[in-house]
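As C-alpha cells, the structure follows; a few thoughts come after it.
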C-alpha cells in the first residue's frame with residue numbers, strides 16, 4: 001500500500017480544476033461560452049481575432065484532461081476496498097473515467113482547428129465551433145455513469161466501518177442526476193438548455209466541481225484510513241501477507 | 001436499564017435524530033435547491049415572454065394536472081401508511097401499501113407518456129417555444145425523479161417484507177429515507193403543477 005502515490009493521484013483533482021480555470025477561463029476566455037445563437041460570421045470573427053489566446057488557453061487546458069486519469073484511479077482504488085477482490089463497480093468507474101481526457105482533448109482540437117486557418121469560410125469555422133461545444137458541454141454520458149456507479153458502490157458498502165461516508169454516495173447520485181440536462185443541448189441554439197445556458201452550462205459547471213472536490217475529500221480521508229489499517233510499516237512495500245483488507 | 005427516565009417526545013430526553021440518513025437529506029435538499037433555481041429561471045423567462053406563456057398554457061389540460069396531483073398525494077398517503085405499518089412490524093400489509101403507492105406512481109408515468117405523445121402528435125415539442133421548453137423540461141426532470149422514486153419504492157417494498165423480523169436490523173432509517181424521497185417527488189409536483197398549469 002503506497003499512501004503517498006495515492007494521495008498524489010487524488011490531488012490531481014484539485015490540480016485539474018486550477019489548470020482548467022487558468023487555461024479555459026483566464027486565457028481562452030471561454031467562460032462564459034460563446035453563444036450558439038451567434039451568426040456564423042460572428043463566430044468566425046471571434047476565432048480570427050482571438051485565435052491565438054484561444055489556442056494557447058486550450059493547449060494548457062488539455063492537461064486538465066490528462067490529470068483526470070490519476071484522480072479517477074485514486075477514486076477507483078479506494079472504491080475497490082468496498083467490493084474486495086472482484087470489484088466490478090470500481091473497475092467500471094475506472095473504465096468510464098479514463099475517457100475523460102479524450103472528452104477534453106477531442107473537442108479542444110475542434111476549437112483549435114477552427115482557429116487554425118483564418119481564411120476558412122464562416123460556416124466551416126462555425127461548424128468546428130459547434131463540434132467542440134456540443135460535446136464539451138453535452139457529453140455527460142460517461143460522467144453520469146461514473147456518478148451512478150460511485151453512488152451505488154458507496155451506498156452498498158457492507159463494512160462495519162464504511163470505506164466512504166454515506167453522504168458521499170448520495171452526493172454522487174445527486175450530481176449524476178443534475179448532469180442529465182446538458183445532453184439536451186443538441187436541440188437548442190438559445191435558452192437555458194443551450195450549451196451556454198443557465199441549466200446546461202452553469203449548473204453543470206457547478207455540479208462537476210462539487211462532485212470533484214467532494215469526492216477528492218472523501219478519497220483522501222479513505223486513504224488515511226487505509227494507511228492506518230496497515231500500520232506505518234506497510235509504506236515500505238509489500239510485506240507478503242495480503243489480508244482481506246489488502247484488496 | 002433501570003434508573004433511566006423513559007424518554008418521551010415531550011420530555012426531551014431523546015437525542016435529536018434526523019429521519020432517514022443525513023446523506024439522503026443532502027440529496028433531497030440539494031435537489032430542491034436546483035429545482036428552485038430552475039423555477040426562478042422559468043419565472044424570469046415568463047416575465048419576458050408573458051404573451052407566449054399565457055397562450056401556450058391554455059393548451060395544457062388542468063384536469064389532467066389535477067389527476068396527477070391526486071395520484072401523487074394518494075401515493076404519499078399510502079407511503080405514510082406503509083411506514084406506520086412497518087414500525088409495528090406488519091409485514092403482511094406494509095408491502096401492499098408500498099405497492100399501491102407504486103401503482104399510483106406508475107399510473108402517473110403512463111398518463112404522462114400519453115400527455116407527451118398527444119403534444120408531439122400535435123406538433124408541439126421542446127423547441128416550439130420557451131413555454132413548452134419549460135413544460136417538457138420541468139415535467140421531464142420530475143418524471144425522471146418519479147421513475148427513480150419507483151426504483152426506490154421497490155427497494156422499500158423489499159424492506160417492508162422484512163418489517164418486524166430480526167433481519168430488518170436498524171434498516172428502518174433506510175425506509176424513512178426512501179419515504180422522504182417519495183414525499184419530495186410529491187412536493188415538487190405540488191409546485192410544478194401551479195407554475196405550469198395554473199399561474200396566469
- residue A:181 fails exactly one of the following numbered conditions: (1) within 16 Å of the chain's Cα centre (by Cα); (2) closer than 27 Å to residue A:43 by Cβ. What is the number of that condition? (1)
- residue A:227 being buried (at least 18 other Cβ atoms within 10 Å of the Cβ), at pLDDT below 95 and either more than 22 Å from residue A:103 (Cα to Cα) or away from every other protein chain (no Cβ under 12 Å) (or both): yes
- Would you mind telling me which numbered condition in (1) over 30 Å from residue B:155 (Cβ atoms); (2) assigned to a helix (DSSP H, G or I); (3) within 11 Å of another protein chain (Cβ to nearest Cβ) residue A:125 fails? (3)
- Note on the structure: Restricting attention to the range B:78-102, the residues that are assigned to a helix (DSSP H, G or I) and touching a residue at least 12 places away in the same chain (Cβ under 8 Å) number exactly 17
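Per-residue answers, yes or no, for (1) modelled with pLDDT of 95 or more; (2) surrounded by fewer than 20 Cβ atoms within 10 Å (Cβ to Cβ); (3) farther than 30 Å from residue B:58 by Cβ; (4) within 14 Å of chain A (Cβ to nearest Cβ):
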| position | (1), (2), (3), (4) |
| --- | --- |
| B:110 | yes, yes, no, no |
| B:114 | yes, yes, no, no |
| B:135 | yes, no, no, yes |
| B:142 | yes, no, no, yes |
| B:147 | yes, yes, no, yes |
| B:154 | yes, yes, yes, no |
| B:161 | no, yes, yes, no |
| B:164 | no, yes, yes, no |
- Item | Flag for residue B:178 being part of a helix (DSSP H, G or I) and within 22 Å of residue B:45 (Cα to Cα) | no
- Can you pull out the residues in the range B:16-47 that are more than 11 Å from chain A (Cβ to nearest Cβ) and over 21 Å from residue A:203 (Cα atoms)? B:16, B:17, B:18, B:19, B:47
- Query: Is it true that residue A:102 is under 19 Å from the mean Cα position of the chain (by Cα) and more than 14 Å from chain B (Cβ to nearest Cβ)?
  - Reply: yes
- Could you tell me whether the range A:141-152 includes any residue that is at the interface with chain B (Cβ under 10 Å from one of its Cβ atoms) and either surrounded by fewer than 22 Cβ atoms within 10 Å (Cβ to Cβ) or assigned to a helix (DSSP H, G or I) (or both)? yes
- Among (1) part of a helix (DSSP H, G or I); (2) over 30 Å from residue B:171 (Cα atoms), residue B:59 falls short only on (1)
- Scope the range A:182-198; condition part of a helix (DSSP H, G or I) and either crowded, with 23+ Cβ neighbours inside 10 Å or more than 9 Å from chain B (Cβ to nearest Cβ) (or both); matching residues: A:182, A:183, A:185, A:186
- Note on the structure: Note on the range A:156-178: residues surrounded by fewer than 21 Cβ atoms within 10 Å (Cβ to Cβ) and either more than 8 Å from chain B (Cβ to nearest Cβ) or closer than 22 Å to residue A:194 by Cα (or both) are A:156, A:157, A:158, A:159, A:160, A:161, A:162
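The values are calculated or read from the model by the stated rules, or taken from the named source; none is laboratory data. This is a predicted model, so every value here is computed, not measured. Positions of Cβ are backbone-derived with ideal geometry, glycine not excepted, and every protein chain shown enters the neighbour counts.
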